[in-house]
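The values are calculated or read from the model by the stated rules, or taken from the named source; none is laboratory data. Computed from a prediction, not measured in an experiment: that's the story for all the values here. With ideal geometry, Cβ positions are generated from the backbone for all residues, glycine too; neighbour counts draw on all protein chains shown. When the accessible area is computed, the model is the full protein with side chains, heavy atoms only, and any ligands, DNA or RNA have been set aside. Shrake-Rupley method; radii C 1.70, N 1.55, O 1.52, S 1.80 Å.
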Amino acid sequence: MKILAFNGSPRRGGNTDLLLAEAIRGVKEQGGDATVYNLSTLNLKPCMNCGHCDAAGQCIIKDDMQAIRDEIRSADRIIVASPIFFFGVSAQTKIMIDRCQAFWAEKYVHKNPVKPGAYGRKGLLLLVGGMKRNAKNAGFECSEATVRAFFRTVNVQEHATLAYDQIDEKGAIAKHATALSDAYEAGRKLAAKSG
(Lines give C-alpha, C1' and ligand atoms only; values in the text may rest on other atoms or scores of the structure.)
Protein backbone atom coordinates (compact mmCIF):
# COMPACT_ATOMS: atom_id res chain seq x y z
CA MET A 1 0.00 0.00 0.00
CA LYS A 2 1.38 3.37 -1.03
CA ILE A 3 0.81 6.20 1.46
CA LEU A 4 1.60 9.79 0.60
CA ALA A 5 1.69 12.69 3.07
CA PHE A 6 1.86 16.43 2.44
CA ASN A 7 3.10 18.67 5.24
CA GLY A 8 1.91 22.18 4.47
CA SER A 9 3.53 23.88 7.45
CA PRO A 10 6.56 26.11 6.91
CA ARG A 11 7.44 25.84 10.63
CA ARG A 12 9.69 22.87 11.30
CA GLY A 13 9.04 21.10 14.58
CA GLY A 14 5.72 22.89 14.99
CA ASN A 15 2.24 21.65 15.76
CA THR A 16 1.47 20.39 12.27
CA ASP A 17 4.78 18.50 12.19
CA LEU A 18 4.06 16.84 15.54
CA LEU A 19 0.52 15.87 14.56
CA LEU A 20 1.65 14.46 11.22
CA ALA A 21 4.53 12.57 12.85
CA GLU A 22 2.05 10.77 15.10
CA ALA A 23 -0.17 9.86 12.15
CA ILE A 24 2.90 8.49 10.34
CA ARG A 25 3.84 6.54 13.49
CA GLY A 26 0.37 4.98 13.38
CA VAL A 27 0.85 4.13 9.71
CA LYS A 28 4.15 2.41 10.50
CA GLU A 29 2.65 0.57 13.49
CA GLN A 30 0.11 -0.86 11.07
CA GLY A 31 2.97 -2.07 8.85
CA GLY A 32 2.74 0.73 6.31
CA ASP A 33 5.22 3.31 5.17
CA ALA A 34 4.68 6.83 3.95
CA THR A 35 6.50 9.27 1.73
CA VAL A 36 6.31 12.73 3.29
CA TYR A 37 6.64 15.90 1.24
CA ASN A 38 7.46 19.05 3.19
CA LEU A 39 5.88 21.46 0.76
CA SER A 40 7.75 24.55 1.99
CA THR A 41 11.06 23.02 0.89
CA LEU A 42 9.96 22.26 -2.68
CA ASN A 43 10.09 24.30 -5.86
CA LEU A 44 6.36 24.72 -6.53
CA LYS A 45 5.11 27.49 -8.74
CA PRO A 46 1.48 28.60 -8.53
CA CYS A 47 -1.11 27.67 -11.13
CA MET A 48 -1.16 30.28 -13.91
CA ASN A 49 -4.65 29.37 -15.21
CA CYS A 50 -3.12 29.11 -18.68
CA GLY A 51 -5.61 26.50 -19.88
CA HIS A 52 -2.94 24.08 -21.11
CA CYS A 53 -4.23 21.24 -18.92
CA ASP A 54 -7.74 21.69 -20.31
CA ALA A 55 -6.40 21.32 -23.84
CA ALA A 56 -3.65 18.74 -23.30
CA GLY A 57 -4.59 17.04 -20.02
CA GLN A 58 -1.31 17.92 -18.35
CA CYS A 59 0.38 20.86 -16.67
CA ILE A 60 2.91 22.82 -18.71
CA ILE A 61 4.88 24.09 -15.67
CA LYS A 62 8.09 22.16 -14.98
CA ASP A 63 8.99 22.03 -11.28
CA ASP A 64 8.75 19.62 -8.33
CA MET A 65 5.04 19.16 -8.96
CA GLN A 66 5.89 16.78 -11.79
CA ALA A 67 7.14 14.16 -9.31
CA ILE A 68 4.28 14.89 -6.89
CA ARG A 69 1.70 14.30 -9.62
CA ASP A 70 3.14 10.85 -10.30
CA GLU A 71 3.06 10.08 -6.57
CA ILE A 72 -0.56 11.24 -6.24
CA ARG A 73 -1.59 9.14 -9.22
CA SER A 74 -0.22 5.91 -7.70
CA ALA A 75 -1.06 6.52 -4.01
CA ASP A 76 -3.58 4.39 -2.13
CA ARG A 77 -3.78 6.78 0.84
CA ILE A 78 -3.14 10.54 1.00
CA ILE A 79 -2.60 12.62 4.13
CA VAL A 80 -2.79 16.43 4.04
CA ALA A 81 -1.58 18.30 7.13
CA SER A 82 -1.78 22.08 7.35
CA PRO A 83 -1.93 24.92 9.80
CA ILE A 84 -4.80 27.34 9.30
CA PHE A 85 -3.77 30.80 8.15
CA PHE A 86 -6.50 33.44 7.70
CA PHE A 87 -9.28 30.82 7.66
CA GLY A 88 -7.58 28.67 5.02
CA VAL A 89 -4.86 26.10 4.48
CA SER A 90 -1.31 27.40 4.24
CA ALA A 91 -0.05 28.94 0.99
CA GLN A 92 2.25 25.95 0.50
CA THR A 93 -0.69 23.56 0.74
CA LYS A 94 -2.87 25.69 -1.50
CA ILE A 95 -0.20 25.93 -4.23
CA MET A 96 0.04 22.13 -4.34
CA ILE A 97 -3.74 21.78 -4.46
CA ASP A 98 -4.15 24.46 -7.13
CA ARG A 99 -1.55 22.72 -9.27
CA CYS A 100 -3.82 19.66 -9.27
CA GLN A 101 -5.98 21.49 -11.80
CA ALA A 102 -4.45 19.10 -14.34
CA PHE A 103 -6.10 16.19 -12.47
CA TRP A 104 -9.38 18.10 -12.60
CA ALA A 105 -9.00 18.48 -16.37
CA GLU A 106 -8.15 14.79 -16.73
CA LYS A 107 -11.24 13.79 -14.73
CA TYR A 108 -13.87 16.22 -15.95
CA VAL A 109 -12.69 17.40 -19.38
CA HIS A 110 -10.87 14.31 -20.69
CA LYS A 111 -13.02 11.78 -18.75
CA ASN A 112 -9.95 9.96 -17.45
CA PRO A 113 -10.03 10.03 -13.61
CA VAL A 114 -7.28 8.65 -11.39
CA LYS A 115 -7.81 4.91 -10.92
CA PRO A 116 -8.83 3.73 -7.44
CA GLY A 117 -6.12 1.05 -7.15
CA ALA A 118 -6.21 -2.28 -5.34
CA TYR A 119 -7.03 -0.80 -1.93
CA GLY A 120 -9.30 2.04 -2.99
CA ARG A 121 -8.21 5.59 -2.17
CA LYS A 122 -8.69 7.09 1.28
CA GLY A 123 -7.47 10.28 2.89
CA LEU A 124 -6.73 11.96 6.18
CA LEU A 125 -6.83 15.70 6.83
CA LEU A 126 -5.00 17.19 9.81
CA LEU A 127 -5.70 20.85 10.67
CA VAL A 128 -4.29 23.01 13.46
CA GLY A 129 -5.38 26.59 14.12
CA GLY A 130 -4.59 29.20 16.73
CA MET A 131 -8.01 30.81 16.78
CA LYS A 132 -10.88 29.82 19.02
CA ARG A 133 -13.71 28.20 17.12
CA ASN A 134 -16.81 30.29 16.86
CA ALA A 135 -20.31 29.24 15.90
CA LYS A 136 -19.38 29.25 12.22
CA ASN A 137 -15.99 27.46 12.52
CA ALA A 138 -14.99 29.32 9.36
CA GLY A 139 -11.30 28.44 9.41
CA PHE A 140 -11.93 24.74 9.66
CA GLU A 141 -14.87 24.71 7.27
CA CYS A 142 -13.02 26.68 4.58
CA SER A 143 -9.90 24.56 4.92
CA GLU A 144 -11.79 21.29 4.83
CA ALA A 145 -13.81 22.42 1.80
CA THR A 146 -10.58 23.14 -0.08
CA VAL A 147 -9.04 19.77 0.78
CA ARG A 148 -12.30 17.95 0.12
CA ALA A 149 -12.28 19.40 -3.41
CA PHE A 150 -8.67 18.23 -3.83
CA PHE A 151 -9.53 14.73 -2.58
CA ARG A 152 -12.55 14.50 -4.88
CA THR A 153 -10.45 15.63 -7.85
CA VAL A 154 -7.78 12.97 -7.28
CA ASN A 155 -10.44 10.30 -6.65
CA VAL A 156 -10.04 9.93 -2.87
CA GLN A 157 -13.49 8.60 -2.10
CA GLU A 158 -13.51 9.05 1.67
CA HIS A 159 -11.46 10.83 4.29
CA ALA A 160 -11.30 11.53 8.00
CA THR A 161 -10.58 14.97 9.46
CA LEU A 162 -8.90 15.89 12.73
CA ALA A 163 -9.03 19.63 13.51
CA TYR A 164 -7.69 21.38 16.61
CA ASP A 165 -8.25 25.00 17.58
CA GLN A 166 -6.49 27.28 20.09
CA ILE A 167 -3.15 25.64 19.27
CA ASP A 168 -0.74 28.41 18.37
CA GLU A 169 2.51 28.31 20.33
CA LYS A 170 5.12 25.99 18.83
CA GLY A 171 4.71 22.53 20.35
CA ALA A 172 1.41 23.34 22.10
CA ILE A 173 -0.32 20.40 20.39
CA ALA A 174 1.63 18.08 22.71
CA LYS A 175 -0.32 19.53 25.66
CA HIS A 176 -3.69 18.73 24.09
CA ALA A 177 -5.41 15.87 25.91
CA THR A 178 -6.03 13.66 22.86
CA ALA A 179 -4.60 15.24 19.68
CA LEU A 180 -1.45 13.13 19.33
CA SER A 181 -3.17 9.87 20.23
CA ASP A 182 -6.03 10.78 17.86
CA ALA A 183 -3.55 11.31 15.02
CA TYR A 184 -1.77 8.05 15.83
CA GLU A 185 -5.02 6.09 15.74
CA ALA A 186 -6.12 7.86 12.55
CA GLY A 187 -2.82 6.83 10.93
CA ARG A 188 -3.32 3.24 11.99
CA LYS A 189 -6.85 3.20 10.64
CA LEU A 190 -5.78 4.83 7.38
CA ALA A 191 -3.08 2.21 6.77
CA ALA A 192 -5.41 -0.72 7.44
CA LYS A 193 -6.12 -2.68 4.27
CA SER A 194 -9.78 -3.10 5.18
CA GLY A 195 -12.33 -1.26 7.27
Checklist outcome for this item: Quick calc: nm separation of the 7 Å Cα→Cβ label points for residue 35 and residue 152 -> 2.7
Checklist outcome for this item: Cα-based Rg/(2.2 N^0.38 Å) for region 77-153, rounded to two decimals, is 1.22
Checklist entry - Helix 138-153 versus the longest principal axis of the chain: what angle, 0 to 90°, nearest 10, using Cα atoms? => result 40
Checklist outcome for this item: Working note, region 1-87: Cα radius of gyration (Å, one decimal) and Dmax (Å, whole number) are 14.8, 44
Item to check | Percent of beta bridges antiparallel (DSSP, the chain, rounded to nearest 5) | outcome: 10
Checklist entry - Efficiency by 1/(1 + (r/R0)^6): what FRET value for residue 49 and residue 177, r their Cβ-Cβ distance, R0 = 45 Å, to the nearest 0.05? => result 0.55
Checklist entry - Normalized C-alpha radius of gyration of region 67-195, against 2.2 N^0.38 Å? => result 1.11
Checklist outcome for this item: If each K or R counts +1 and each D or E counts -1, the residues other than residue 146 whose Cβ falls under 12 Å of its Cβ total 0
Item to check | Selected from 48, 131, 65 as most flexible by GNM, with the chain as the system and alpha-carbon contacts under 10 Å | outcome: 48
Checklist entry - Pairs 122/189; 28/115; 28/107: which exceed 21 Å Cα-Cα? => result 28/115; 28/107
Next on the checklist: Connecting C-alpha atoms closer than 10 Å in a GNM of the chain, tell me which of 178, 146, 16 has the biggest fluctuation.
Outcome noted: 178
Checklist entry - Reachable aspartates and glutamates from residue 170, Cα under 14 Å, same-chain residues fewer than 8 places away excluded? => result 17
Item to check | Estimated inter-spin distance, residue 28 and residue 168, nm [label 7 Å along Cα→Cβ] | outcome: 3.3
Checklist entry - By how many nm would the segment from residue 119 to residue 160 lengthen if fully extended, with 0.36 nm per residue of separation less the alpha-carbon distance? => result 13.1 nm
Item to check | Highest average packing first - 151-159, 91-99, 30-38, Cβ atoms within 10 Å | outcome: 91-99, 151-159, 30-38
Next on the checklist: Between region 87-103 and region 32-59, how far is it from one alpha carbon centroid to the other, in angstrom?
Outcome noted: 8
Next on the checklist: Taking the 0 to 90 degree range and rounding to the nearest ten, how far is the long axis of helix 15-29 tilted relative to the main principal axis of the chain, both from C-alpha atoms?
Outcome noted: 80
Item to check | With Cα atoms, 0 to 90° folded angle of helix 179-191 axis to the chain main axis | outcome: 40
Next on the checklist: Computing the accessible area with a 1.4 Å probe over protein heavy atoms, can you report the carbon and sulfur percentage for region 47-195?
Outcome noted: 53
